[in-house]
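Encoded as structure tokens, the structure appears first; notes follow it.
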Amino acid sequence: MNNIAQKWISVSFFNLLIVAIIGVILRYKIAYALPIINQKYLLHAHSHFAFTGWVTMALMTLLVQYLTQHQNIHAFKKYKQILWLNLIAAYGMLFTFPFEGYAALSITFSSISILDSYAFAYMYWKDLSKIEWQSTTHSYFKIAVIFNALSSLGVFTLAYMMATKQTEQNYYLASVYFFLHFQYNGWFLFACLGLWNKFIEQSGASTNQLKWIFILFTASCIPNYFLSTPWISIPFIFHTLVVLAVVVQLFAWVWMLSIVRTNNQQLFKQVPKFMKQVLGIVAIAFSIKLILQLGSAIPTLSTLTYGFRPIVIGYLHLALLGVITLYIVVHNLLEKNLTNSKYLQMGISVFIIGIILNEFLLMVEGIADLFNLAVSFINQALLFAAIILMMGMAWINIQNKLLK
């Protein structure tokens, strides 16, 4: 069964390489002239393919692999159509969005991916419930697929507004951020937390403590959506709940880190040094994300920063690349879906350097924008960072192929 997982993971990493290549094209168009490319249309393709072709493809594979390890060895056969449909929808969006933007074909493929996520959520919930024992890991996976389905409400709201030509700016942005929030902070995050929780449980950590951490993370997710919509006026009591949710999530993370530290020897006794280092980078990135969330709970600061595109892009890339993508990479190493070698480690290291450089440059550009300052050659520098990311991912794909 592991061979099947490896094949789907290889497809996912190839898709991430395509995402990186598109990222280079987008950055090149900003830095230099490229009139044959519609920036907005290609950006839609970039984001949709990243979500569906990379993250969702990889997470679905890892979640199905979990079933094969726990009483359902034929899970990949059962989920074969779901995985293929997700892949077809991803490539459908990749080849339609650049040419037509939001139009009939691209919306059709987007709708297929949403319906596919519903089918996956339904089937996966039932299959998890059939496992003889229940754990906090299962709870993370169940809420993850629910959040994935819930995020589609943002897409359907956008479709309704576009169909009725009632695209009021605030509601349009609120719908976009609804989808993004429940993808990033819902489906992506909770699936990764569940995968990580599996290893923590195996180390002998307190089941009761892990259950409470899950409850705290879950309780804070929905209120945190309002951090993304500072232009929406909410009553003071609701704003207080949002601030409380941010603090609760940070507390849950610190609690999880303390459990990891307590069970450090048992948890990492067979984990190679390189994997521990990557996990450390993921932990730092997630900690920074949560601290930034805490800062965004201040209304004045939130309204100010959301008005500057580099800051928003930097935050989204921190979550998607620094947290989600790097964790998926290291989890596949832990599950042996990727063969650990010094050459593969070199590719991952180059990719990490690209992430750090990209985040640093976006931070510099964002701060400069706040003070109405211009940074010379910033677009060229960001293009260079995108090329490093692409080179790192190309190296990973090549080594992954060579080591099969």
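All but one of (1) in contact (Cβ under 8 Å) with a residue 60 or more places away in the chain; (2) outside any loop (DSSP other than H, G, I, E, B) hold for ASN337, so report the exception by its number.
Looking at each condition in turn, ASN337 falls short on (2).
So, in region 258-282, how many residues would count as being farther than 29 Å from LYS342 by Cβ and either in the same structural domain as THR325 (by TED's automatic domain parsing) or of a type outside the set (Ser, Thr, Tyr) (or both)?
1
Hey, can you tell me all the residues within region 57-70 that are within 19 Å of LYS198 (Cα to Cα) and either part of a helix (DSSP H, G or I) or not assigned by TED's automatic domain parsing to the domain that holds TRP125 (or both)?
Across region 57-70, the qualifying residues are ALA58, LEU59, MET60, THR61, LEU62, LEU63, VAL64, GLN65, TYR66, LEU67, THR68, GLN69.
Filter region 71-121 down to the residues that are surrounded by 14 or more Cβ atoms within 10 Å (Cβ to Cβ) and in a loop (DSSP other than H, G, I, E, B) and list them by number.
ASN72, TYR79, GLY101, TYR102
What are the pairs with Cβ atoms under 9 angstrom where one residue, in region 371-397, is surrounded by 19 or more Cβ atoms within 10 Å (Cβ to Cβ) and the other, located anywhere, is basic (Lys, Arg) and assigned to a helix (DSSP H, G or I)? Sequence gap at least six, or different chains.
LEU382/ARG27; LEU383/ARG27; ALA385/ARG27; ALA386/ARG27
Mind listing just one residue for me: the one in region 124-142 that is more than 15 Å from THR68 (Cβ to Cβ) and not in a helix (DSSP H, G or I) and, of those, farthest from the chain's Cα centre (by Cα)?
Taking the candidates together, the pick is GLU132.
Would you confirm, using the coordinates I've provided, whether ALA121 is in the same structural domain as ASN3 (by TED's automatic domain parsing), more than 30 Å from ILE21 (Cβ to Cβ), under 20 Å from the mean Cα position of the chain (by Cα) and touching a residue at least 12 places away in the same chain (Cβ under 8 Å)?
Taking the combined requirement at face value, the residue satisfies it.
So how many residues does region 122-176 have that are more than 27 Å from TRP212 (Cα to Cα) and surrounded by fewer than 18 Cβ atoms within 10 Å (Cβ to Cβ)?
So the answer is 19.
So that you can scan it fast, the table gives a plain yes or no per residue for (1) outside any loop (DSSP other than H, G, I, E, B); (2) among the charged types (D, E, K, R); (3) at pLDDT 90 or above; (4) closer than 15 Å to CYS192 by Cβ:
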position	(1), (2), (3), (4)
VAL278	yes, no, yes, yes
ILE281	yes, no, yes, yes
GLN293	yes, no, no, no
HIS317	yes, no, yes, no
LEU320	yes, no, yes, yes
GLN345	yes, no, yes, no
ILE348	yes, no, yes, no
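Please go through region 1-39 and give me each residue that is out of contact with any Lys or Arg (no Cβ under 7 Å at 6 or more places or on another chain), without any contact (Cβ under 8 Å) to a residue 24 or more places away in the chain and surrounded by fewer than 16 Cβ atoms within 10 Å (Cβ to Cβ), ordered by number.
ASN3, LYS7, TYR32, ALA33, LEU34, PRO35, ILE36
Taking the conditions exactly as written (in a helix (DSSP H, G or I), within 20 Å of the chain's Cα centre (by Cα) and buried (at least 16 other Cβ atoms within 10 Å of the Cβ)), does PHE274 satisfy them or not? Quick ask: steps written out before the conclusion?
Details: in a helix (DSSP H, G or I): yes; within 20 Å of the chain's Cα centre (by Cα): no; buried (at least 16 other Cβ atoms within 10 Å of the Cβ): yes.
Considered against the rule, which asks whether it is in a helix (DSSP H, G or I), within 20 Å of the chain's Cα centre (by Cα) and buried (at least 16 other Cβ atoms within 10 Å of the Cβ), PHE274 comes out as no.
Does ALA252 meet the test of being modelled with pLDDT under 90 and crowded, with 16+ Cβ neighbours inside 10 Å?
No: the conditions fail for ALA252.
Taking the condition within 29 Å of LEU195 (Cβ to Cβ), touching a helix residue (DSSP H, G or I) at 6+ places or on another chain (Cβ under 6 Å) and hydrophobic (A, V, I, L, M, F, W, C), does PHE147 pass?
For PHE147, the condition - within 29 Å of LEU195 (Cβ to Cβ), touching a helix residue (DSSP H, G or I) at 6+ places or on another chain (Cβ under 6 Å) and hydrophobic (A, V, I, L, M, F, W, C) - is met.
Return the residues of region 43-55 that are within 14 Å of PHE13 (Cβ to Cβ) and among the β-branched types (Val, Ile, Thr); say none if nothing qualifies.
Step one: filter region 43-55 for residues within 14 Å of PHE13 (Cβ to Cβ), giving 49-50, 53-55.
If the condition is that a residue be within 14 Å of PHE13 (Cβ to Cβ) and among the β-branched types (Val, Ile, Thr), then VAL55 is the only one that fits.
So that you can scan it fast, the table gives a plain yes or no per residue for (1) charged (D, E, K, R); (2) part of a helix (DSSP H, G or I); (3) modelled with pLDDT of 90 or more:
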| site | (1), (2), (3) |
| --- | --- |
| ALA159 | no, yes, no |
| LYS165 | yes, no, no |
| LEU173 | no, yes, no |
| VAL176 | no, yes, no |
| PHE179 | no, yes, yes |
| TYR184 | no, yes, yes |
| TRP187 | no, yes, yes |
| GLY194 | no, yes, yes |
| ILE200 | no, yes, yes |
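Go through region 323-343 and count every residue that is modelled with pLDDT under 95 and crowded, with 22+ Cβ neighbours inside 10 Å.
2
Restricting attention to region 207-243, which residues are surrounded by 14 or more Cβ atoms within 10 Å (Cβ to Cβ), hydroxyl-bearing (Ser, Thr, Tyr) and more than 16 Å from LEU290 (Cα to Cα)?
If the condition is that a residue be surrounded by 14 or more Cβ atoms within 10 Å (Cβ to Cβ), hydroxyl-bearing (Ser, Thr, Tyr) and more than 16 Å from LEU290 (Cα to Cα), then THR229 is the only one that fits.
The values are calculated or read from the model by the stated rules, or taken from the named source; none is laboratory data. Because the structure is a prediction, the values reported are computed rather than measured. Every residue, glycine as well, gets a Cβ built from its backbone with ideal geometry; the counts of neighbours run over all protein chains shown.
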